[in-house]
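The values are calculated or read from the model by the stated rules, or taken from the named source; none is laboratory data. Worth saying up front: this structure is predicted, and the values here are computed from it rather than measured. Positions of Cβ are backbone-derived with ideal geometry, glycine not excepted, and every protein chain shown enters the neighbour counts.
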Amino acid sequence: MSTTNPLVEAFNQTAYPVIGHGKRNVSVLIEALEQIDPELDSDNYGSGEVIERFQAQIAQYLGKPSAVFFPSGTMAQQIALRIWCDRKGLKKVAYHPLSHLEIHEEQGLQELHQIESILLADKTRIIRLEDVVNLKEDVACVLLELPQREIGGQLPEYEELEAISSYCREKGIKLHLDGARLYETLPYYQKTAEEICSLFDSVYVSFYKGIGGIAGAMLAGDEEFTKESKVWKRRHGGDLISLYPYILSAEYYFNERKDKMGLYYEAAKELADFYRACRALEVRPQVPVSNMFHVHVPLPKSKLEPILISVYQDTEVGLTANLKENGEHACYYEVSLGDRYAKIPKAKLAQAMKLLDERTADVL
């Protein structure tokens, strides 16, 4: 019995997929390694030129004294929060109810580290200064995700970030940045990564999401913090004998794409205009603040999926491969733009959006 998802299959067959940079296949690694000297020594249990050079580059980019490469962001963030909890002698942290730690990690923070999570704000909006000020319990650390992926990539205004940072420092609360998509926020804020990270005590960034590498993450902070994180990395089994396939691909695509985030942001705003012209569709946020937004449709998955497949077949434009239910009678999908968008003929895109508008309106 086939388990192929018809929408995924139809999306993969389109000539002009809209989202992302490209297919995640072996070519991602091959391209990254093409220019590498084959005699370059690999890293060895966290040391060596390959890993130390890249760690130094990212530490400088983020404006932090030191950085440590991790195989995953899940590992890096749990360790960051564990360190701050141990420092304060208080195993409580606060973050958004749709944080990755809360909904995607099988309660890893609680089961592995016995850390209690205090949820801030509600599932429909970002964390505000008032949420932090009105905390009913003491916490060792507050985690902010920029942008907040699960609600369409929303962002607080920069002045509010500054206010949250000042408040936390005044109260002795550490502030950690879930910066999996930090790079994508820079065009909206018109700030450097260093300026944003200066508001935080520790920072995590990813190299496979907006950057498009294979896997890997970096955890940055002061020297004492990162030294301690290396010990926890070993305890977690993350100190592999060699991580160079991840490191070299991360380094290559970081250097290739870090300066293109403005292009992806402008593309998102342009595409959101197309979506807003569709009568039955809602864009959240209405005007994107990064290269990401969500499209909400007042139809169940079972009715939207055949509409999308028909649009893909008629136009060769693929809008999404995944739909998420939003109750019984609605669904939504995430749009995250990268290199692919610029390759789509505008006439093709306009045709696809016109058909999507007409066919969703007809069903409704």
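Some points to look at:
- Checking 311, 287 one by one, the residue that is of a type in the set (A, V, I, L, M, F, W, C) and free of Cβ contacts under 8 Å to residues at least 40 places away in the same chain is 287 and no other.
- Across segment 301-309, not a single residue is classified as under 26 Å from residue 109 (Cβ atoms), at pLDDT 95 or above and buried (at least 16 other Cβ atoms within 10 Å of the Cβ).
- Residue match in segment 179-196 (condition: at pLDDT 95 or above, in contact with a His (Cβ under 7 Å, 6 or more places away or on another chain), surrounded by 19 or more Cβ atoms within 10 Å (Cβ to Cβ) and not polar (S, T, N, Q)): no
- Matching entry among 143, 120, 175 (being buried (at least 17 other Cβ atoms within 10 Å of the Cβ), touching a strand residue (DSSP E or B) at 6+ places or on another chain (Cβ under 6 Å) and touching a residue at least 60 places away in the same chain (Cβ under 8 Å)): 143
- For residue 132, the test of being β-branched (Val, Ile, Thr), part of a strand (DSSP E or B) and more than 18 Å from residue 268 (Cβ to Cβ) is failed.
- Each residue in segment 251-273 was checked for being in a helix (DSSP H, G or I) and either surrounded by fewer than 19 Cβ atoms within 10 Å (Cβ to Cβ) or in contact with a strand residue (DSSP E or B) (Cβ under 8 Å, 6 or more places away or on another chain) (or both), and 13 of them qualify.
- Residue check for residue 82: in a helix (DSSP H, G or I) and surrounded by 19 or more Cβ atoms within 10 Å (Cβ to Cβ): yes
- Residues being of a type in the set (A, V, I, L, M, F, W, C), under 16 Å from the mean Cα position of the chain (by Cα) and either assigned to a loop (DSSP other than H, G, I, E, B) or outside the structural domain of residue 150 (by TED's automatic domain parsing) (or both) - total across segment 85-112: 1
- Scan of segment 113-129 for residues that are among the aliphatic types (A, V, I, L, M) and not in a loop (DSSP other than H, G, I, E, B), ordered by number: 118, 119, 129
- Strands (runs of 3 or more DSSP E) fully within segment 173-239 counting 2 or more residues that are under 12 Å from the mean Cα position of the chain (by Cα): 174-179, 202-206
- Residue check: residue 116 meets all listed conditions (1) out of contact with any helix residue (DSSP H, G or I) (no Cβ under 8 Å at 6 or more places or on another chain); (2) modelled with pLDDT of 95 or more but one, namely (1).
- Within segment 25-47, tally of residues that are out of contact with any strand residue (DSSP E or B) (no Cβ under 9 Å at 6 or more places or on another chain) and either in a helix (DSSP H, G or I) or under 18 Å from residue 223 (Cα atoms) (or both): 8
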